[in-house]
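Coordinate-derived values only; no laboratory data. Quick caveat, the model's predicted, so the values are computed rather than measured. No Cβ is skipped: glycine too gets one built from the backbone with ideal geometry, and neighbour counts run over all protein chains shown.
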Amino acid sequence: MSEYQYYAWQSMDRPLTADERKQVDRLSSHMTVTASGAWVEYHWSNFKHDPIQVLADYFDVFFYFANWGSKRLAFRFPKALLDAQAIQPYLVDTYATLESFGDYYVLDFDLSEEEPPEESMEAGDWIGVFTSLRADILRGDYRALYLVWLRAVELYYPDEIGEDEPEPPLPPGLQKLTAPLQAMVEFFGIDKTLLAVAAEASPDPEEEASIDWAAAIAQLPHGERDSFLLRLAQNEPHLSLIFQRHLQTMISTPQPQRMPSQRTVDDLLALQEERVEAERKRKDEAARQRRQQELADLERRQPQIWAEIEELIGLAKADAYDRATNHLTKLRDLAQQRGDLTTFQARVNTLAERYRRKSSLIERFRRNKLL
């Protein structure tokens, strides 16, 4: 398998300046740079710089994929807008980290697998799918963080994540994921059974408290209102979020209280095992019932099937012999279940004696243990 690496960065809050584009372009002779992003592919070499530092210096989202199993997704946030304390429970050393870079935080998800994925995966436009997750996290939607924590449990239990590790606060809405969150499940290979048992305790998203925004805005001093309008005219990033937070503090809107989970990693893995075993039993029972129905149908059609076997043998063709032998193996299964193998075997022996000169047919009988 040839090596393949794909690096991509995306700017969300503002376009790159002409000077910044030149600086980014100089990072690699293979780099493609636009006002809103940059990407580079390698089939035999490596990117010579720290991609996270590039993110911190110029961009808001970073995506990395290598076909030997490395997967990385990172976001840059203005410190003033991110509740760093609230996301601490979701962090896992090395794999989900929060690092300070001047006025920014970088939230880095580095979930590399020890073995490459069984199915080949292309880089595609994953970064375009994931960009909206940055705004979700700023709004306090931590489902993406929880999904990454869940994948870390799968990859690094029990060596680096112990069975007594507590589950972080369970975000609401895990039972109904958005398209970008579903893409995270697919891209990072999160076990869907583990996600399902974890999500069962996730509450539905609470209805947003009804806020009389007009009444709240009316309370703003004229100078403050004009200041916000000026910032709006200047296209300040995240101003809607900043403005809403400011109004909510003015009218003392109560914030929803998140109850910490009481489950541990061991609890979740036990629930996963129970679900897997229940699903296995369900499938086994469904297969048993299908088999019973097949045998019942076979018993009803026995005279026609024996007649068809004779016709197929008479054609003296390889594919006809195969079909005849397949019919006989099914009739044997039926006889075995009905406790009538002696009668069945006598009838097969009669066929074998009648067509003993058809060596390829007899060989098929022996290969399938009909003789």
For GLU200 and GLN248, FRET efficiency with R0 = 41 Å and r from the beta-carbon atoms, rounded to 0.05? 0.85
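About its Cα centre, what dipole magnitude does the chain give when the only charges are +1 on Lys and Arg Cβ and -1 on Asp and Glu Cβ, stated in debye to the nearest 20?
Its charge dipole is roughly 2380 debye.
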Mind telling me which of LEU155, LEU295, LEU16 comes out most flexible in a GNM of the chain, alpha-carbon contacts under 10 Å? LEU295
Listed residues PHE65, LEU133, GLN10: farthest to the positive end of the dipole of the chain (Cβ charges): PHE65
Debye calc, one equal point scatterer per Cα of the stretch 301-367, no solvent, log10 I(q)/I(0) at q = 0.20, 0.23, 0.24 1/Å comes to -0.77, -1.02, -1.11
Report the extension gain between ASN368 and THR343 in nm, rounded to one decimal, defined as 0.36 nm multiplied by the number of residues separating them, less their alpha carbon distance. 7.2 nm
Of the candidates MET184, MET31, MET250, which one comes out as most mobile in a Gaussian network treatment of the chain with C-alpha springs shorter than 10 Å? MET250
Rank SER202, SER227, SER360 by mean-square fluctuation in a GNM of the chain with C-alpha springs under 10 angstrom and give only the top-ranked residue. SER360
Dipole of the chain, positive direction: furthest Cα of LEU271, GLY37, TYR142, with charges on the beta-carbon: LEU271
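Once the piece of chain linking LYS358 and GLN234 is laid out straight, how much longer is it, given 0.36 nm per residue of separation minus the C-alpha distance between them?
Full-extension gain reported as 35.6 nm.
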Only one of the values (i) 0.91; (ii) 1.52; (iii) 0.96 was calculated from this structure for Cα Rg over 2.2 N^0.38 Å; name its label. (ii)
Please state the shape class of the stretch 260-371: rounded when a/c is under 1.5, otherwise prolate if a/b exceeds b/c and oblate if not, all from the C-alpha gyration tensor. prolate
By how many nm would the segment from TYR156 to ALA80 lengthen if fully extended, with 0.36 nm per residue of separation less the alpha-carbon distance? 24.1 nm
